[in-house]
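All remarks here apply to the structure that follows.
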Amino acid sequence: MAERINSNLLQNLIVRIEKLVQSLEKASIAEFIELYQKPRRMLYLSFLSGIARGFGLAIGFTVVGALFIYIMGRIASLNLPIVGEFIAEITRIVQNELAIKP
C-alpha cells in the first residue's frame, strides 16, 4: 500500500516537473539568463531600445501637438465668445514662437 502511494506521488511529481520544464522553455528563460551573462549585449540592447522609445515619443508628441494646434485653430475660427478668444490667443503665441525659430 505504501509503495502504491509512493508510486502515485512520484508519478504526480514527474508530471509536474515536465509541465514546469515546458513552461520554462516557453518563457525563454535560458535566453534571458544568457543575456544577463553577457552585460555588453544587454547594454547594447538597452541602448537601442532607449533610442527607439525616444524616437517614438518625439514623433508621437509632434503628431499630437500638431493635431491639438489644428483643432484649436478650427475652434478659434468659429468665433465662440470666450473660448474662441482664449484659443486664438494661444494660437497666436504658438505661431509667433514658430516664426521666431528658424
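Some notes on this structure:
For every residue, the table says whether it meets (1) loosely packed, with under 10 Cβ neighbours inside 10 Å; (2) of a type in the set (D, E, K, R); (3) touching a residue at least 40 places away in the same chain (Cβ under 8 Å).
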site	(1), (2), (3)
Ser49	no, no, no
Arg53	no, yes, no
Gly56	no, no, no
Ile87	no, no, no
Glu97	yes, yes, no
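- Residue check for Leu43: of a type in the set (A, V, I, L, M, F, W, C) and either outside any helix (DSSP H, G or I) or surrounded by 10 or more Cβ atoms within 10 Å (Cβ to Cβ) (or both): yes
- Subset tally (residues that are farther than 26 Å from Thr91 by Cα and either touching a Gly at 6+ places or on another chain (Cβ under 8 Å) or outside any helix (DSSP H, G or I) (or both)) for the range 47-78: 0
- Of all residues in the range 79-95 being in a helix (DSSP H, G or I) and more than 15 Å from Ala66 (Cα to Cα), the one that is modelled with the lowest pLDDT: Gly84
- Taking the listed residues Arg74, Arg16, Arg40, the one that is modelled with pLDDT under 85 and of a type outside the set (Asp, Glu) is Arg74, with no other qualifying.
The values are calculated or read from the model by the stated rules, or taken from the named source; none is laboratory data. Everything numeric here is computed off the predicted structure, so don't read it as measured data. No Cβ is skipped: glycine too gets one built from the backbone with ideal geometry, and neighbour counts run over all protein chains shown.
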